[in-house]
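Asks: Sharing a structure with you now.
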Amino acid sequence: MDDAATGPEPIPSRTAKLPVGVVVRRTPGRTRWAKWVYMPVALLPGAGSADWRTLREEDDAAEYHAATLSLELFRTDVEAYRVSLSMTPPSVFVVMRPTGPRRDERPELVALTASAYEAQDYTDSGEMQVEPVAMPDGLAAFVEAFVTAHYVDEEFVKRRRDKQRVDLVEDGVGDKRIRQLADVYRVPSQQKRGPGG
């Protein structure tokens, strides 16, 4: 078959979006200041909407389908997705915000990102809880396909140095009130005053 019959290759979309359910496990806290600890433990690609629907309870522990968030991939972030895919295991980051003054209340699920760099940005504020969760095989394949379609390896180009010598001129040696180069490190008030000074 010739290329004219098949036409040009389709241009991959600049973004991709997939709904992903987040499973959060609630376990008893280990200190007297936190009655409960909430931790994301699994992802459900293509899940429907949910609002803390109970999936399983066992003694004091419980697992909930807490929410379904949209995992968005952008062409400009493929380098960060490669970092997430290279983790052991490949991970997506769940961003949660405490809803009350105590951290043992149900958190609000804020975002889901496959970008390790974006996850780092969320941790910088100190107000968010950011947790890596292992990607299921299907989700890892989805992210990998997007990265493969958009990743371009940039060749390293060493920049050339400027040949101009900037160390030959002493510009702005110090305070203009200082008369001699030997006086550079003296405080102006400790200098000898000239006639009339």
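The values are calculated or read from the model by the stated rules, or taken from the named source; none is laboratory data. Computed from a prediction, not measured in an experiment: that's the story for all the values here. Every residue, glycine as well, gets a Cβ built from its backbone with ideal geometry; the counts of neighbours run over all protein chains shown. Please note that ligands, DNA and RNA were not included when accessible areas were found on the heavy atoms of the full protein model with its side chains. Shrake-Rupley method; radii C 1.70, N 1.55, O 1.52, S 1.80 Å.
Asks: Using a Förster radius of 25 Å, what is the FRET efficiency between R159 and R75 based on their Cβ-Cβ separation? Nearest 0.05, please. Display every interim value, and only then the final one.
Replies: Details: r = 26 Å, r/R0 = 1.05.
In this case the efficiency is close to 0.40.
Asks: Quick one: Cα convex hull volume of region 82-138, Å³ per residue? Show your work: numbers first, answer last.
Replies: On the way: hull volume 4.9 nm³, N = 57.
In region 82-138, the Cα convex hull volume per residue is 86 Å³.
Asks: Bins of 5 Å, beginning at zero and ending with the bin holding the largest distance: percent of Cα pairs per bin for region 60-161, please.
Replies: Calculated over all Cα pairs of region 60-161, the distribution is 2, 11, 19, 20, 17, 12, 8, 5, 3, 2, 1, 0, 0, 0 percent.
Asks: Report the full-extension gain for the segment Q120 to V152: residue separation times 0.36 nm, less the Cα-Cα distance, to one decimal in nm.
Replies: Details: separation 32, 0.36 × 32 = 11.52 nm, distance 2.33 nm.
Result for the pair: 9.2 nm of gain on full extension.
Asks: Pop the C-beta distance of A42 and T15 into the FRET formula with R0 = 22 Å and round what comes out to the nearest 0.05. Write down the numbers at each step before the final one.
Replies: Details: r = 25 Å, r/R0 = 1.14.
Efficiency, from the Cβ-Cβ distance: 0.30.
Asks: How much area per residue is accessible in region 96-157 when the probe is 1.4 Å and only protein heavy atoms are counted (Å²)? Let's see the in-between values first.
Replies: Details: 3860 Å² over 62 residues.
That works out to 62 Å² per residue.
Asks: If r is the Cβ-Cβ distance from A62 to V83 and R0 is 22 Å, what FRET efficiency results, to the nearest 0.05?
Replies: Values: r = 33 Å, r/R0 = 1.48.
Rounded to the nearest 0.05, the efficiency is 0.10.
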